[in-house]
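Taking it in order: structure first as structure tokens, then the write-up.
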Amino acid sequence: MLVLAIDTTARTGGFALARDGEVVASRTLEADKGLAAALFGEIEALLAGAGFSLADVDAFAALAGPGSFTGIRVGLSAVKALAEAGGKPVLAVSNLEAAAFERAGDLRAVLLPGRRGDVFGAVFDGELRPLAAANGRNRRSRFGSGRALGAEPEVVTGPLAEAAARLACVRLAGGASGAPEAADANYVERAAVEKGSQGSKADSHAWTCP
């Protein structure tokens, strides 16, 4: 199975191809004015450089947040359009799960820097099941949840397209439907995160700091 994944959730974009769980090609792009204008050109360049065409792609994936609100929408809209046009499956992959997927061990605590000083994070087990999370306004509370479980949080930076492509291969091989309508964004807003247990479903997987 050949999966094309894109990450447009931050200023630096990422594009990756994975076949049966192994990355075969990837690209990154710095786009200060946004990734939307260059998105399809980068996808074409990635495919051409690896000797593939869109017709060769079996499934699509996009990082779904937390991250830039606009960037998340751009990425998900792009892969949904490509998937629907070709009748292919598509998956939305959480940035936090993708980051944890790249780590090893029975406990995986990851932190993703956001804009305006925000930090998003979660603790997963070796099967990527969420175990614990917290929100806080200081360094101690941000790291406390992971350390309480014996996992030292790791700060992850840079595009996560390669991890998303590999994880999508695993999930599709495991029976994930990849229905376009099921590919939802994982928005985490500052106001929602700071509400703690009183906020939205996404709160359980987020830390923030001012």
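Structure data summary
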read-out	value
Inter-probe distance in nm under a simple model that places probes 7 Å from Cα toward Cβ, at ALA179 and THR70	3.3 nm
Mean Cβ neighbour count within 10 Å, used as a protection proxy, ranking 74-81, 124-131 highest first	74-81, 124-131
Under 10 Å, Cβ to Cβ, from LEU4 - net charge with Lys/Arg +1 and Asp/Glu -1	-1
Net charge of neighbours whose Cβ lies under 13 Å from the Cβ of LYS88, counting Lys and Arg as +1 and Asp and Glu as -1	-2
Over the stretch 1-74: Rg over Rh, Cα atoms, Kirkwood Rh	0.96
Burial order of peptide ranges 172-181, 154-163, 89-98, 41-50 (average beta-carbon count within 10 Å, highest first)	89-98, 154-163, 41-50, 172-181
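The numbers here are math on the coordinates, done by the rules we state, and not lab data. All values reported here derive from a predicted model rather than from experimental measurement. For neighbour counting, all protein chains shown are included, and Cβ atoms are generated from backbone atoms with ideal geometry for every residue, glycine included.
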